[in-house]
Amino acid sequence: ALCTPVPPPPCRPLRRLARCAPPINTAFSPTHALAAASLAASPLTARPVLGRTQAWEALGKRRGAAQVATLRGLLEAERASGVHKPGGVLRDPSAGIALTWLRRSLAFQRGLLQGLAADRGATLSAVATAAYKAHLERYHNWVLRGTFKVCLGGLPARDVFLDKLGPELRPAERAEVCYREAAEVGEAMRRADERMGALLVALDMDDQRKA
């Protein structure tokens, strides 16, 4: 639940994802390990979040760790400070904006992982592009859209991605294990996305503006 601290999950699929790119877990507190591990697979989607985490940390220092130990506590404390405007217009940088981009990035990662498992004949680039159009494109201006188009078009082959996810697995079993675990992680991301979305809407912090 988002109203209680969440311990870092001892989740093997998430540890696999964290190997796909340089670690970014230090940008997040241990209570956000799930999101940090998922974002580690795609640094490009993580950048909007990482640029705003200082505001997140600063709020925790001002209010005290106990008050912002949950996502609800964090957002309620920031909302009470008066930095945001009615109608879901969030100040940037802020913890609310960081969480907003974190949620969007989780949705992109979910779409990527679920797409790989659902259509095993598609290229990684095609799956990632479909996930981008479904979950991130509408929040990006034309510059970001062009950047993502180039980057997603240059992704490695599917086999290379799977090799990075499960280097310790035997080649004969690697694909099946990775696809099964991708489905597990995707479901965890879906639940997190729904809970975060409901919380942002309830607090009038659901910012729909483009970057």
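Observations, loosely collected:
- Residue check for residue 114: open to solvent by less than 20 Å² (accessible area, probe 1.4 Å), polar (S, T, N, Q) and closer than 16 Å to residue 186 by Cα: no
- Pair list, Cβ under 6 Å, 6 or more apart: region 81-97 residue under 12 Å from residue 200 (Cα atoms), other residue part of a loop (DSSP other than H, G, I, E, B) and among the acidic types (Asp, Glu): 88/204; 88/206; 88/207; 90/207
- When 191, 174, 110, 209 are checked against the criterion of being basic (Lys, Arg), within 30 Å of residue 78 (Cα to Cα) and free of Cβ contacts under 8 Å to residues at least 40 places away in the same chain, 191 stands alone in meeting it.
- Of the residues making up region 194-202, not a single one is part of a helix (DSSP H, G or I) and under 16 Å from residue 117 (Cβ atoms).
- Checked against (1) open to solvent by 60 Å² or more (accessible area, probe 1.4 Å); (2) in a helix (DSSP H, G or I); (3) among the basic types (Lys, Arg), residue 104 meets all criteria but (1).
- For residue 91, the stated conditions hold: it is touching a strand residue (DSSP E or B) at 6+ places or on another chain (Cβ under 9 Å) and open to solvent by 60 Å² or more (accessible area, probe 1.4 Å).
- Considering (1) open to solvent by less than 60 Å² (accessible area, probe 1.4 Å); (2) farther than 30 Å from residue 78 by Cα; (3) part of a helix (DSSP H, G or I); (4) modelled with pLDDT under 90, the lone condition that residue 163 does not fulfil carries the number (1).
The values are calculated or read from the model by the stated rules, or taken from the named source; none is laboratory data. Bear in mind that the values here come from a model prediction, so they are computed numbers and not experimental data. Methodologically, a virtual Cβ is constructed for each residue, glycine included, from the backbone with ideal geometry; neighbour enumeration extends over all protein chains shown. For the accessible areas, the whole protein counts, side chains as well, though only heavy atoms, and no ligand, DNA or RNA atoms are used. Shrake-Rupley method; radii C 1.70, N 1.55, O 1.52, S 1.80 Å.
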